[in-house]
Amino acid sequence: MLLWWVLLFALSLLARYEPAAWRDALDLDQSEIADPLTQLLDDALVIVPDLLFVAATAPGHEHAGP
Amino acid sequence: MQPDGDSLWATRASPPGLASSEPERRATYAAALQQFDDLMDAAAAVGPVSRPLPLYYAVHQAGKAIAAAWVKDDWRVRGHGLTEHKRDRTEWETNVLRYRVRPQKDQPGVFGAVASTVGVTRLTSSVEVGALWSALPGVIQPTSDRSWPLALPIYPISYDDAGHPSWVCVGLRGQLLENADEGNDLLAIYPDVVGARTTTYQGKLQVMSTPWGSASLCDCQTPKSKSGPRNLLLAFRSGRTFV
């Protein structure tokens with residue numbers, strides 16, 4: 001969960017303060033990571049709530065972060 | 001999003017930890033999770049160019065809820081606890097995977113409070129987006145060029161007398177190994193399996209097929225791997241099967 005947390009923080013900084021570079025990274029016509037990056041952000045909608053549920057209800061079972 | 005019986009949203013009616021008995025904590029827990037819910041809805045409604053903004057703040061507010069439930073003293077924690085690692089923008093501008101963030105050591109913020117609560121090692125230094133992404137199990141890889149170590153699934157096959165995994169199967173997640181040396185070089189970058197060696201038979205690397213793709217067999221009973229099996233066992237018992 002903490003890995004996701006730090007990663008989403010970094011991506012939110014890019015989206016907020018570096019919108020041009022961030023949009024270029026998501027340009028399917030030019031960026032090799034555009035498709036996996038889009039999939040990652042789709043997966044986050046499903047995976048992150050489940051990980052937060054574990055952290056909120058059984059925090060000792062959370063595993064190592066970065 | 002619609003709550004189900006085993007979800008974060010469902011805990012709003014019956015908060016965990018200290019939020020179950022202290023009214024102020026309970027109120028913060030419920031309000032922060034309501035914000036989490038709204039922000040996740042917003043994240044699902046927008047495209048990828050804007051999605052990280054509501055998604056991150058959803059996680060941040062869920063972190064506030066977790067702090068209200070489990071942090072013993074100063075549970076009204078503020079701040080992100082993370083910041084950009086500022087460098088020359090030419091180092092990452094054409095490859096956002098090289099963008100870096102770092103912890104705010106003097107201001108642990110919500111991230112630091114939750115990391116302490118869940119009992120894990122905190123982020124201690126600057127890290128690249130590509131490294132964070134590669135370390136996530138169960139998602140598509142950012143690149144196929146081994147720029148950063150991937151999280152690899154581990155399946156114990158046998159245990160020693162002390163109950164430590166002695167022989168394991170390590171999922172390669174699509175990485176191709178030509179020989180045992182390549183396998184050992186790959187394992188050497190993972191501290192949880194320090195000293196582990198790939199299994200060979202008549203000099204050939206032993207690879208098996210799994211439902212998750214090709215996997216390499218590895219022997220953990222080498223003199224250097226004293227901590228490796230313990231880490232593996234702890235990881236396996238806690239449900240973490242990745243090095």
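At each listed q (0.20 Å⁻¹), what is the log10 of I(q)/I(0) that the Debye formula gives for the range B:1-114 modelled as equal alpha-carbon point scatterers? Log-scaled intensity ratios, in q order: -1.07.
Counting only Cα atoms, the protein assembly as shown measures 65, 50, 38 Å along its principal axes, largest extent leading. Remark on B:Thr83: its backbone amide H falls under 5 Å from those of B:Arg102, B:Gln104, a criterion applied only to residues 5 or more positions apart or on other chains, H modelled at 1.01 Å from N. Rounded to the nearest Hz, the phi-derived 3J(HN,Hα) couplings of the range B:170-184 under the Karplus curve 6.51 cos²θ - 1.76 cosθ + 1.60 (θ = phi - 60°) are 10, x, 9, 6, x, 6, 9, 10, 7, 7, 5, 4, 5, x, 5, where x marks glycine and proline. Axis of helix B:52-70 versus longest Cα principal axis of chain B: the two differ by about 80°, to the nearest ten degrees.
Per-residue shielding of B:125-137, expressed as the average number of other chain Cβ atoms within 10 Å of the residue Cβ, stands at 5. Measure nothing fancy, just the Cα-based angle from helix B:227-237's long axis to the longest principal axis of chain B, in degrees from 0 to 90, nearest 10. Computed tilt is about 50 degrees.
Look at the stretch B:109-117: the mean tally of other chain Cβ atoms within 10 Å of its residues' Cβ atoms is 3. For the range B:87-94, the Karplus equation 6.51 cos²θ - 1.76 cosθ + 1.60, evaluated at θ = phi - 60°, returns couplings of 9, 4, 5, 5, 6, 9, 4, 9 Hz by residue, with Gly and Pro reported as x.
Where does each of B:Thr117, B:Thr124 land when they are ranked from fewest to most other beta-carbon atoms within 10 angstrom? Can you show the working numbers first?
Values: B:Thr117 22, B:Thr124 10.
The most exposed by this proxy come first: B:Thr124, B:Thr117.
Within straight-line reach of B:Lys204, meaning a Cα separation under 20 Å, sit the following aspartates and glutamates at least 8 residues removed in sequence or on another chain: B:Glu178, B:Asp181, B:Glu182, B:Asp185, B:Asp219. Scanning residues 5 or more positions from B:Thr210 or on other chains, those with amide H under 5 Å from its amide H are B:Ala215, with H placed 1.01 Å from N in the peptide plane.
Return the inverse of the average 1/r over all pairs of distinct C-alpha atoms in chain A, which is the Kirkwood hydrodynamic radius, in Å to one decimal.
Details: mean 1/r = 0.0755 Å⁻¹.
One over the average 1/r among Cα pairs gives 13.2 Å for chain A.
Look at B:Ile66, A:Ile33, B:Ile140 and count the other Cβ atoms within 10 Å of each Cβ; fewest to most, that gives B:Ile140, A:Ile33, B:Ile66. Taking Cα atoms only, the orientation of helix A:2-17 departs from the longest principal axis of chain A by about 30 degrees. Under 5 Å between amide hydrogens, built in the peptide plane, is the criterion, and for B:Trp167 it picks out B:Ile157, B:Ser158, B:Cys220 among residues at least 5 positions away or on other chains.
FYI, it's all coordinate maths here, none of it is from the lab. Just so we're clear, the structure is a prediction, and the values are computed from it rather than from any experiment. Don't worry about glycine lacking a Cβ; one is built from the backbone with ideal geometry, like all the others, and counts go over all protein chains shown.
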